[in-house]
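Trainee: Here's a structure for you.
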Amino acid sequence: MSLDFDVFVVDPKPIPSAVPGFEDAVGPATWPPSTSTLISDDGGALLVDCLITEREGRELAAWVKSRGREPGYVYITHPHADHFLGLPEILAAFPEARPVALAESIAAMEEQISPRYMQVWSGFFPSQLTSKPVAPAPLAGTTLPVGDSPATAIPVGTTDTGHSSVVHVPGLSLVVSGDVVYNQTHMWLRGSTPDSRASWARALDAVAALEADTVIAGHRNPLATDDDARRQIGECRRYLADFEAGLERSSAPAELIDRMTAAYPDLANPYTLWVAAYDLLGTQT
Ligand SMILES: [Zn+2]
């Protein structure tokens with residue numbers, strides 16, 4: 001077998017709605033569709049991100065096993081628990097695997113699994129999450145071995161959270177992007193600021209500079225046409241710019257929601273847009 005990759009995809013999941021009118025206007029609130037990527041080569045494999053619920057963690061582990069792979073490392077791209085609460089299930093299936101992340105992201109990951117945050121995450125997914133969450137260990141350097149081929153963790157700063165990173169696999173012209181690039185899915189802009197949005201745009205530039213052909217986004221529309229890197233980076237740049245302009249011209253959540261929905265009628269997980277609009281323009285809900 002030679003260097004290759006494969007993607008495990010989960011559909012949007014229902015969650016309780018916290019924004020007024022969403023269910024009447026759109027339908028059930030959902031968590032975005034998500035991915036985990038397995039990169040493998042002769043003698044080794046690397047799993048990038050590992051989803052959130054116990055069931056997803058178990059299904060992901062079974063999927064990796066079904067491919068005859070034993071990940072040496074599990075790399076977590078950024079400190080959002082929906083990308084690593086599945087870790088205990090992966091480690092139960094692959095006890096030799098080493099969970100790692102950027103050293104500077106570990107404190108935020110530990111915060112994500114603190115009792116206070118776990119209560120928040122459990123509110124989204126009651127009785128579906130591990131009771132023994134695990135944070136990764138700091139990666140020494142930036143190299144992630146995949147059998148005989150190198151992959152590199154590249155820090156890109158703040159995107160939809162601080163200390164984000166992507167995994168670059170030059171041998172596959174591939175970037176596994178975590179939350180830096182979204183594929184035809186509304187981008188998480190709740191809690192964002194002009195600075196954080198500008199930083200996100202710079203992170204997209206950093207990914208573009210890698211000149212990869214393929215990006216596997218952490219959140220990918222199940223109906224996405226492809227994983228083309230240039231298309232996705234271009235679309236995300238435009239979404240950020242349109243959101244910025246729309247925010248400036250809107251004085252209430254509905255205005256921003258209407259503008260962005262008109263411009264992006266087909267993106268996955270509109271709930272993400274509503275949450276951002278009510279957070280940035282709403283009165284306290
Ligand atoms: Zn995410």
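The values are calculated or read from the model by the stated rules, or taken from the named source; none is laboratory data. Source: prediction; values computed, not measured. Using ideal geometry, Cβ is built from the backbone for each residue, glycine included, and neighbour counts are taken over all protein chains shown.
Trainee: Residues being among the charged types (D, E, K, R), in contact with a strand residue (DSSP E or B) (Cβ under 8 Å, 6 or more places away or on another chain) and farther than 30 Å from G171 by Cα: count how many of those fall in the range 105-158.
Mentor: Result for the range 105-158: 0.
For every residue, the table says whether it meets (1) more than 16 Å from the ligand (Cβ to nearest atom); (2) β-branched (V, I, T).
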position: K65; (1), (2): yes, no
position: G86; (1), (2): no, no
position: Y117; (1), (2): no, no
position: S127; (1), (2): yes, no
position: T142; (1), (2): yes, yes
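Trainee: For the range 72-86, give me each residue that is part of a helix (DSSP H, G or I) and touching a residue at least 60 places away in the same chain (Cβ under 8 Å).
Mentor: H83
Trainee: Scanning the range 195-220 for residues that are within 14 Å of S165 (Cα to Cα) and within 15 Å of the ligand (Cβ to nearest atom), which turns out surrounded by the most Cβ atoms within 10 Å (Cβ to Cβ)?
Mentor: Looking at residues that are within 14 Å of S165 (Cα to Cα) and within 15 Å of the ligand (Cβ to nearest atom), I get G218.
Trainee: Quick one: in the range 75-96, of everything that is in contact with a helix residue (DSSP H, G or I) (Cβ under 6 Å, 6 or more places away or on another chain) and under 13 Å from A61 (Cα atoms), which residue is surrounded by the fewest Cβ atoms within 10 Å (Cβ to Cβ)?
Mentor: A93
Trainee: With V169, V146 as the choices, which residue is more than 14 Å from the ligand (Cβ to nearest atom) and modelled with pLDDT under 95?
Mentor: That would be V146, the only listed residue that is more than 14 Å from the ligand (Cβ to nearest atom) and modelled with pLDDT under 95.
Trainee: Something else: Looking only at residues in the range 115-143 that are of a type in the set (S, T, N, Q) and loosely packed, with under 12 Cβ neighbours inside 10 Å, which one is farthest from V64 (Cα to Cα)?
Mentor: Q119
Trainee: Please identify the pairs in which a residue from the range 1-26 that is modelled with pLDDT of 95 or more has its Cβ atom under 6 Å from the Cβ atom of a residue that is acidic (D, E), counting only partners at least 6 apart or on another chain.
Mentor: V10/E56
Trainee: Just checking: which of the strands (runs of 3 or more DSSP E) contained wholly in the range 1-71 hold 2 or more residues that are within 23 Å of the chain's Cα centre (by Cα) and surrounded by fewer than 22 Cβ atoms within 10 Å (Cβ to Cβ)?
Mentor: Per the criteria, 4-10.
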